[in-house]
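*Asks:* There's a structure below that I have some questions on.
The values are calculated or read from the model by the stated rules, or taken from the named source; none is laboratory data. Since we're looking at a predicted model, the values are computed, not measured. Neighbour counts are summed over all protein chains in view; Cβ atoms, including those assigned to glycine, are modelled from backbone coordinates with ideal geometry. The area values use the complete protein model at the heavy-atom level, side chains included, leaving out ligands, DNA and RNA. Shrake-Rupley method; radii C 1.70, N 1.55, O 1.52, S 1.80 Å.
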Amino acid sequence: MNQALTQDPQTLILGLGIAAGLFLLSLFRIYRLSRSNARLGGDAGKMEKQVVLQQLEATSIHHDAMSWRAKTQRQFDALRAEFSHRLLQSDQGGANALKEWDQAHQKALSQALARISDLEAALAARPVAPPPAPFVPPPPSRPSLPAVDSARVQSLEAELAAAKAEIASSRQQNAALQRALLLARRRPQPPVMRKSSPRSAARGA
């Protein structure tokens with residue numbers, strides 16, 4: 001009986017020691033968990049602040065991108081309107097130049113035709129040479145006169161050829177001007193290139 005009583009307190013003491021050790025171990029674990037929870041709570045607060053800052057930065061980038069896009073669109077519209085106005089002015093200027101060139105060409109052509117008519121009339125009014133007479137040697141005291149009529153005819157023919165050449169050259173220039181104006185009207189307008197924003201490129205990356 002006494003031996004059993006002496007064994008029971010030892011068992012109780014051993015059990016109490018084990019329970020106290022487990023209790024202390026659980027307290028230590030609870031302390032460590034509370035510290036880790038506090039550290040994780042601080043990290044969570046920092047991460048929330050970073051998320052808010054990133055959202056604000058993304059909103060600012062989006063706002064800048066939209067404003068840059070609107071500004072670029074306005075510039076593109078202004079350039080397109082300016083190019084359209086310049087193209088219209090160039091077409092009107094080309095049409096006016098062509099009209100003036102046609103008027104000048106018609107005036108020069110009429111003047112050249114009138115000059116040709118005058119030259120042809122002068123050639124037609126040339127006196128007919130009489131039939132050749134028998135050759136009689138002139139007396140030695142009189143010098144021979146130069147052939148005035150033949151020189152005048154040659155000069156009139158040279159002027160007629162020059163007028164015809166001038167008319168042909170003016171016609172060629174008129175045709176070249178018409179072709180150049182037609183090519184200028186058919187030439188397409190160069191597109192306006194848009195520049196990409198560095199912020200939008202960084203956002204896409």
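*Asks:* What part of the accessible area of segment 1-131, given as a whole %, is carbon or sulfur when the probe is 1.4 angstrom? Please report the intermediate quantities before stating the final value.
*Replies:* Working: 6960 of 10970 Å².
The nonpolar share, carbon plus sulfur, comes to 63 percent.
*Asks:* Assuming R0 = 41 Å, what is the FRET efficiency of LEU79 and GLU159, from their Cβ-Cβ distance, to the nearest 0.05?
*Replies:* The calculated FRET efficiency here is 0.15.
*Asks:* In addition: Would you list which lysines come within 19 Å of LYS71, measuring only between C-alpha atoms, while excluding same-chain residues fewer than 8 positions from it?
*Replies:* Candidates past the 8-residue exclusion: LYS195.
*Asks:* For segment 154-188, list residues with backbone N below 17 Å from a point placed 7 Å from the Cα of ALA112 toward its Cβ?
*Replies:* Flagged as within label range: 157-178.
*Asks:* Starting at the first residue of segment 47-63, write each ³J(HN,Hα) from the Karplus equation 6.51 cos²θ - 1.76 cosθ + 1.60 with θ = phi - 60°, in whole Hz, x for Gly and Pro.
*Replies:* Ordered by residue, 3J(HN,Hα) equals 5, 5, 4, 4, 5, 5, 5, 5, 5, 5, 5, 5, 5, 5, 5, 5, 5 Hz.
*Asks:* Right, another one. Determine how many Å³ per residue the convex hull of the Cα atoms of segment 38-105 encloses.
*Replies:* 45
*Asks:* Which value, in Å², gives the accessible area per residue of segment 1-78 when a 1.4 Å probe is used on the protein heavy atoms?
*Replies:* With the other protein chains kept in place, segment 1-78 gives 90 Å² per residue.
*Asks:* So how compact is segment 1-122: Cα radius of gyration and Dmax in angstrom?
*Replies:* Cα radius of gyration and Dmax of segment 1-122 are 51.3, 174 Å respectively.
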